[in-house]
1. Of the residues that make up the stretch 107-118, is at least one closer than 25 Å to residue 253 by Cα, among the acidic types (Asp, Glu) and out of contact with any Cys (no Cβ under 6 Å at 6 or more places or on another chain)?
2. Search the stretch 157-192 for residues being at pLDDT below 80 and of a type in the set (Gly, Ala, Ser), and hand back the single one that is farthest from residue 146 (Cα to Cα).
3. Residues in the stretch 177-192: is at least one closer than 22 Å to residue 75 by Cβ, under 19 Å from the mean Cα position of the chain (by Cα) and either among the basic types (Lys, Arg) or assigned to a loop (DSSP other than H, G, I, E, B) (or both)?
4. Could you list, in sequence order, all residues of the stretch 103-121 that are over 22 Å from the mean Cα position of the chain (by Cα), surrounded by fewer than 17 Cβ atoms within 10 Å (Cβ to Cβ) and in a helix (DSSP H, G or I)?
5. From the residues in the stretch 50-90 that are at pLDDT 75 or above and not in a helix (DSSP H, G or I), which one is nearest to residue 106 (Cα to Cα)?
6. Given the residues 319, 289, which is the only one that is at pLDDT 75 or above and surrounded by 15 or more Cβ atoms within 10 Å (Cβ to Cβ)?
7. From the list 375, 402, which residue is in contact with a helix residue (DSSP H, G or I) (Cβ under 8 Å, 6 or more places away or on another chain), closer than 17 Å to residue 360 by Cα and either surrounded by fewer than 19 Cβ atoms within 10 Å (Cβ to Cβ) or modelled with pLDDT of 85 or more (or both)?
8. List, please: which pairs have Cβ atoms under 8 Å, are six or more places apart or on different chains, and start with a residue in the stretch 139-165 that is under 24 Å from residue 114 (Cα atoms) and end with one that is of a type in the set (Lys, Arg)?
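The values are calculated or read from the model by the stated rules, or taken from the named source; none is laboratory data. In this text the structure is predicted, and so the values were computed from the model without any measurement. Counting neighbours? That spans all protein chains shown, and the Cβs are built from the backbone with ideal geometry, glycine included.
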Amino acid sequence: MPFGNKWARIAWWGLLFLSLGIIVLGTPAASYKAIFLASAPEELTLLNLSPIVIEALSFTALFLRVLLIAGFLAAAALIFWRRGDNRPALFFSAALIVIGVTNGVINYLPEPLPPSLRVYEMMADFLSLLFMFSFPDGRVVPKWIGWLLAPWLIYLGIVQLDLLPGDATEDILDLVFLGSGLLALIYRYRTTSAEQQQQIKWVVFGTAVIILIAYGLNLIHFAALNYFAPASSVIFIYEVFRTFVQIVVLLILPTVITISILRYHLWDIDFYINRGIVYSFLTLLLGLVFFGSALLLQNLSIALFGNQFTSVMLTASAVIIAILFQPARQQLQHFVDRRFFGIQPYLGITQTTTKTPAPLADPLSEREKDVLGFIDAGLSNREIADQLYLTVGTVKWHTNNIYTKLGVNSRTQALVRAREFRLLSKNQTPL
């Protein structure tokens, strides 16, 4: 192992033990009960929640934060174990540790933070931008954008010292610097290899899902405050739901980074982007349905009986969501397939017509036809790769292209559609 990598691994272990110390010392102090009691005592008083409910919420939130931290640390450990001899992989693994501990522990600690934790938090923010500049091979691209790292570090120090004139200024500067990271990823995506493009798509996909769900839930919350009192049961339940969802959804980030770096199912990204869009919109839609049905039932209850009947109203809203979940998911799936991916719904094989369908709008390439022939012969991706002298990832890429062009999601459907389009004969054998 190179000398430099040895010291990089030692530094990784040092950072891990430091982070574990912060977790052990900081997690009890960052309990949900302490945060909730400190931030909303009036709401708790008005709602008259029992101590048992508060303790249950405290334990659940603590469990979810431990799960969040464990997810980041597990991803970092897996990258270290599989790619520990690679410096960029070590850096990305270390970044996962710091970002996970910051989001799972430090962000929940009461202000003011001690100087050591402020430095740790600065390190997490600094590594976040450096990650965007250097992913996935550890080189800052384009090189000139690396000059923004020094102003970013200075800005983080100013934020920690509370020297900015207002929160709006901080939000604007955050968007400027993080926007530069996004531009760096876009530039690299347009100028790099196909494999690195897939790696970048995984990370951008995961980040986009997190942002969409987090900001969408926040917007729903602010809109609901126009119709419900801040101390109402509806707002309280939604606030608990929003907090828990935002904690759990952060686990997407270490998952997609691990997939990208280890190149596991790297070429399946388009499928997961499809599902990510569907379930992100589904989460936001169900949140709107919850508030809309609660508001409607509340007004009906007051008009008919002169009472809100809060427990009945909330139960009815939950039942409505349960009934709508599957139909809404199916309709969103069809909409996303058609509008975002150009995939028409597959109608099955029950058609009685014997006419040859119109030619494909996007015909299969010769290589895709070769892959399709081997799929028809029952070969695995590995066996197809060996026959065509390709990598398994390239075979998966061609297979996904075949699925998209035929408007299907599986090998079986692809073969049925291929025969409908006369792309295969019953006796066809691989080349």
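1. Checking the stretch 107-118: not a single residue is closer than 25 Å to residue 253 by Cα, among the acidic types (Asp, Glu) and out of contact with any Cys (no Cβ under 6 Å at 6 or more places or on another chain).
2. It comes out as 166.
3. no
4. 115, 116, 119
5. 84
6. On the way: 319 fails: surrounded by 15 or more Cβ atoms within 10 Å (Cβ to Cβ).
None of the others qualify; the one that does is 289.
7. Details: 375 fails: closer than 17 Å to residue 360 by Cα.
So the residue among 375, 402 that is in contact with a helix residue (DSSP H, G or I) (Cβ under 8 Å, 6 or more places away or on another chain), closer than 17 Å to residue 360 by Cα and either surrounded by fewer than 19 Cβ atoms within 10 Å (Cβ to Cβ) or modelled with pLDDT of 85 or more (or both) is 402.
8. Partner pairs satisfying both residue conditions: 160/118.
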